[in-house]
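K.L.:
I have a structure here, written as structure tokens, and I will follow up with some questions on it.
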Amino acid sequence: MPDNKTPQASPTSAAGTGPSTVGEFADVSAASVATVAELAVEAGKQASTEKARSLGQDAWRELRRNWIFWVSGVLLVLLILMAAWPSLFTDVDPRHADLRNHYLGGPQWSHVFQEDWFGYNVQGQSVYARTVYGARASIIVGVCVTIAVTVLGGIIGMIAGYFGGWVDTLLSRLTDVFFGIPLLLGGLVLLQAFTNRTVWTVTFALTAFGWMQIARVMRGAVITQKQADFVTAARALGAGTNRILFRHILPNVLGPVIVVATIALGGYIATEATLSYLGIGLKDPTVSWGVDISAAQKDVRDGPHALMMPASFLSLTVLAFILLGDAVRDALDPKLR
């Protein structure tokens with residue numbers, strides 16, 4: 001009788017096929033694991049060789065690539081050297097007057113860094129020497145006002161932004177009141193109360209009416225940062241208000257404040273020169289670009305060089321600070337790169 005049993009695979013063939021297939025999969029899996037391991041090792045080596053950059057390091061890297069930063073930086077270094085050590089550029093007394101030189105000598109371009117390089121003013125004083133020494137008063141006022149408004153406005157903005165409530169309302173309305181007074185007009189009115197106007201009285205007057213923009217920028221940045229997770233975690237761990245403000249929030253809000261302060265510095269120098277030009281700011285015997293521009297504008301037809309030289313240096317200084325502020329802003333804001 002025919003055998004109706006279904007043929008079955010021989011144990012030998014089954015045994016031969018099974019181990020071969022499993023071995024192939026095992027080889028593929030082992031190769032994949034080895035490849036992943038090699039990639040992980042290479043990534044680990046690359047990560048270990050590259051140092052993590054902080055915000056400041058990243059900003060400095062971007063600044064080094066920006067030619068505007070180098071141009072403005074070189075100009076500012078020269079101007080700061082001129083303000084700090086004017087004797088490096090001239091040995092002439094800026095207050096020494098010789099009426100025999102009275103204006104009409106004009107600039108002598110062949111004599112570099114000499115007394116008559118920029119000519120003389122109406123009193124026979126060296127315009128070059130007064131331009132060099134005039135950098136000191138203007139830059140000191142600009143730097144001191146910038147530091148003062150940054151500290152004052154920063155403190156007010158931090159308090160208003162962090163505590164909120166009625167504290168924020170009170171300080172915000174106070175800021176709005178001062179914002180309604182133009183910087184030049186406020187400084188002009190306040191300086192009328194001083195009979196002896198020095199660098200420090202001008203600094204005080206400009207600080208009193210110049211802190212509001214920094215306060216607003218700081219307030220907005222603090223409101224954003226105080227809602228961050230790391231601040232919530234620090235508060236949950238029992239960190240005090242001072243620690244949260246100065247250890248956790250302040251380092252993360254300095255970027256926009258530094259940008260605004262750097263750009264505003266040039267404006268403060270220009271405001272000081274304007275007040276001196278109007279006869280409300282610095283006066284003789286203080287040597288200042290604004291004082292020289294004010295004195296030279298009466299006889300600008302006879303000696304235009306006496307006005308153009310300090311005015312050119314003033315414009316160059318303001319431009320250098322504005323360019324530096326723009327470069328710092330681009331470096332600190334990734335969206336602008």
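K.L.:
Could you check how many residues of segment 214-228 are surrounded by fewer than 19 Cβ atoms within 10 Å (Cβ to Cβ) and part of a helix (DSSP H, G or I)? Before the answer, list the steps.
P.N.:
Pass one, segment 214-228, residues surrounded by fewer than 19 Cβ atoms within 10 Å (Cβ to Cβ): 220, 223-224, 227-228.
Now narrow it down to the ones that are part of a helix (DSSP H, G or I): 220, 223-224.
Qualifying residue count, segment 214-228: 3.
K.L.:
Return a yes/no flag: does segment 229-248 have any residue that is free of Cβ contacts under 8 Å to residues at least 60 places away in the same chain, buried (at least 18 other Cβ atoms within 10 Å of the Cβ) and within 24 Å of Val145 (Cα to Cα).
P.N.:
Checking segment 229-248: not a single residue is free of Cβ contacts under 8 Å to residues at least 60 places away in the same chain, buried (at least 18 other Cβ atoms within 10 Å of the Cβ) and within 24 Å of Val145 (Cα to Cα).
K.L.:
Another one. Among Leu206, Leu282, which is crowded, with 19+ Cβ neighbours inside 10 Å and outside any helix (DSSP H, G or I)?
P.N.:
Details: Leu206 fails: outside any helix (DSSP H, G or I).
After ruling out the rest, the residue left standing is Leu282.
K.L.:
Where the second residue is open to solvent by 30 Å² or more (accessible area, probe 1.4 Å) and hydroxyl-bearing (Ser, Thr, Tyr) and the first is under 15 Å from Leu206 (Cβ atoms) and lies in segment 252-278, which pairs have Cβ atoms under 8 Å and are six or more apart or on separate chains?
P.N.:
Ala261/Thr150
K.L.:
Right, next: Being touching a residue at least 60 places away in the same chain (Cβ under 8 Å) and open to solvent by 20 Å² or more (accessible area, probe 1.4 Å) is the filter here; which residues of segment 159-203 pass it?
P.N.:
Tyr162, Leu183, Leu184, Leu188, Gln192, Arg197, Thr198, Val199
K.L.:
Can you tell me which residue in segment 61-99 is surrounded by the most Cβ atoms within 10 Å (Cβ to Cβ), limited to those that are of a type in the set (D, E, K, R) and assigned to a helix (DSSP H, G or I)? Lay out the reasoning, then the answer.
P.N.:
Narrowing segment 61-99 to residues of a type in the set (D, E, K, R): 61-62, 64-65, 91, 93, 95, 98.
Filter once more, so that each one left must be assigned to a helix (DSSP H, G or I): 61-62, 64.
Working: Arg61: 11, Glu62: 19, Arg64: 10.
The extreme case among them is Glu62.
K.L.:
Say we look at segment 285-303 and pick out the residues that are of a type outside the set (D, E, K, R) and surrounded by fewer than 14 Cβ atoms within 10 Å (Cβ to Cβ); which of these is nearest to Arg197 (Cα to Cα)? Before the answer, list the steps.
P.N.:
Our first condition is that a residue be of a type outside the set (D, E, K, R); within segment 285-303, this holds for 285-291, 293-297, 300, 303.
Narrowing further to those that are surrounded by fewer than 14 Cβ atoms within 10 Å (Cβ to Cβ): 285, 297, 300.
Working: Pro285: 11, Gln297: 21, Val300: 26 Å.
Only one residue tops the list, namely Pro285.
Conditions (1) buried (at least 21 other Cβ atoms within 10 Å of the Cβ); (2) at pLDDT 90 or above; (3) of a type in the set (D, E, K, R); (4) in contact with a helix residue (DSSP H, G or I) (Cβ under 8 Å, 6 or more places away or on another chain), marked per residue:
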| site | (1), (2), (3), (4) |
| --- | --- |
| Ser110 | no, no, no, no |
| Val132 | yes, yes, no, yes |
| Val141 | yes, yes, no, yes |
| Ala148 | no, yes, no, yes |
| Gly157 | yes, yes, no, yes |
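K.L.:
Let me ask something else. Does segment 175-201 hold any residues that are within 16 Å of Val149 (Cβ to Cβ) and in a loop (DSSP other than H, G, I, E, B), and which are they?
P.N.:
Ile181, Pro182, listed by residue number.
K.L.:
Now a separate question. Quick check on segment 262-270. Is at least one of its residues open to solvent by 20 Å² or more (accessible area, probe 1.4 Å), of a type outside the set (Val, Ile, Thr) and part of a loop (DSSP other than H, G, I, E, B)?
P.N.:
No: zero hits.
The values are calculated or read from the model by the stated rules, or taken from the named source; none is laboratory data. Since we're looking at a predicted model, the values are computed, not measured. Methodologically, a virtual Cβ is constructed for each residue, glycine included, from the backbone with ideal geometry; neighbour enumeration extends over all protein chains shown. Areas reflect the complete protein model, heavy atoms only, side chains present, ligands, DNA and RNA absent. Shrake-Rupley method; radii C 1.70, N 1.55, O 1.52, S 1.80 Å.
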